[in-house]
């Protein structure tokens, strides 16, 4: 606020009366009223929207580098808590977990291939 | 989760970062900004399903974790296997808190799903990428008003080809469903010619043959 603000006079918000004679004159969107008023918020408040880039930028946040507390131990799904995320592409700790999983899938994949040959 | 107190401040910080580029380019000094969590519109629950035939369907369904901030989502995502590493017969399901990942839930039973059917080759090329995009669409509320209709998403890892679907709450809400389908297809960069279909859960559960009819396609 600047100190030299001038006194303003008040006046009524301009309104316009629109007469509807036919349902076809009603707008398609709930967010508009006849004549075209736009509301900047949705009825329940403003929706929290994040675009793709913003979400991806948050991926490396320090807060996202540690697993959630109370993450259940599910073999083949949750990683061992000691694995640091920076390791995950380059390095091994992950492999021990992957091994479990891939022997499992290999086995099934084998079965699947055989199944197809039978047909 | 200890995320509720600083919400007001977070919401303000978030609008700044979305437009400007100040925050992401900050030097790696441990500023308190880095520890801010960004609230999501919804709280979400991630479920894991493992097909163990000795157990019932519901016994095989297990809640992994719930989250309601962007950072808590990544903390979870960064510490679980990608879908392509799951065993056959396994699923991940991400649903809004309070909606069970099953047709029978009150908020699903009148609904249906946009279904992406992947070829076997796509497991290596597309599956993990598609699933991550799907998750980002959901938690970021990418479908504007139609996001209200979204119940969740499911990835099925199957020998014959994997599937990813976005579930919505009412198969009669044509406008919302079409908005979701069109924007989803665009986000995944699916070729325009490749059609994806929307099927009601009712049709899926009562189908007689191997295919379910599409109520809508994009």
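Pick from B:184, B:198: which is modelled with pLDDT of 95 or more and closer than 24 Å to residue B:80 by Cβ? Talk me through it step by step, then tell me what you get.
Numbers: B:198 fails: closer than 24 Å to residue B:80 by Cβ.
That would be B:184, the only listed residue that is modelled with pLDDT of 95 or more and closer than 24 Å to residue B:80 by Cβ.
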Item to complete: Return the total of residues in the stretch B:201-218 being modelled with pLDDT of 95 or more and part of a helix (DSSP H, G or I).
Response: 1
Worksheet item: Can you name the residue in the stretch B:73-113 that is at the interface with another protein chain (Cβ under 10 Å from one of its Cβ atoms) and over 16 Å from residue B:132 (Cβ atoms) and, of all such residues, is nearest to the chain's Cα centre (by Cα)?
Response: B:90
Worksheet item: Which one is modelled with the highest pLDDT among residues in the stretch A:23-39 that are within 13 Å of chain B (Cβ to nearest Cβ) and loosely packed, with under 14 Cβ neighbours inside 10 Å?
Response: A:28
Worksheet item: Out of all the residues in the stretch B:126-173, which are under 12 Å from the mean Cα position of the chain (by Cα) and within 11 Å of another protein chain (Cβ to nearest Cβ)?
Response: B:132, B:133, B:135, B:136, B:137, B:138, B:139, B:140, B:141, B:142, B:147
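Determine whether the stretch B:125-136 contains at least one residue that is touching a helix residue (DSSP H, G or I) at 6+ places or on another chain (Cβ under 6 Å) and within 16 Å of residue B:41 (Cα to Cα).
Residues of the stretch B:125-136 touching a helix residue (DSSP H, G or I) at 6+ places or on another chain (Cβ under 6 Å): B:127-128, B:131, B:133, B:136.
In the following step, the residues that additionally are within 16 Å of residue B:41 (Cα to Cα) were identified as B:136.
Looking for residues that are touching a helix residue (DSSP H, G or I) at 6+ places or on another chain (Cβ under 6 Å) and within 16 Å of residue B:41 (Cα to Cα), one finds at least one in the stretch B:125-136, hence yes.
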Worksheet item: What tally of residues in the stretch B:32-62 results from selecting those that are within 12 Å of chain A (Cβ to nearest Cβ) and touching a helix residue (DSSP H, G or I) at 6+ places or on another chain (Cβ under 8 Å)?
Response: 11
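The values are calculated or read from the model by the stated rules, or taken from the named source; none is laboratory data. These numbers were taken from a predicted model, which means no experiment stands behind them. Methodologically, a virtual Cβ is constructed for each residue, glycine included, from the backbone with ideal geometry; neighbour enumeration extends over all protein chains shown.
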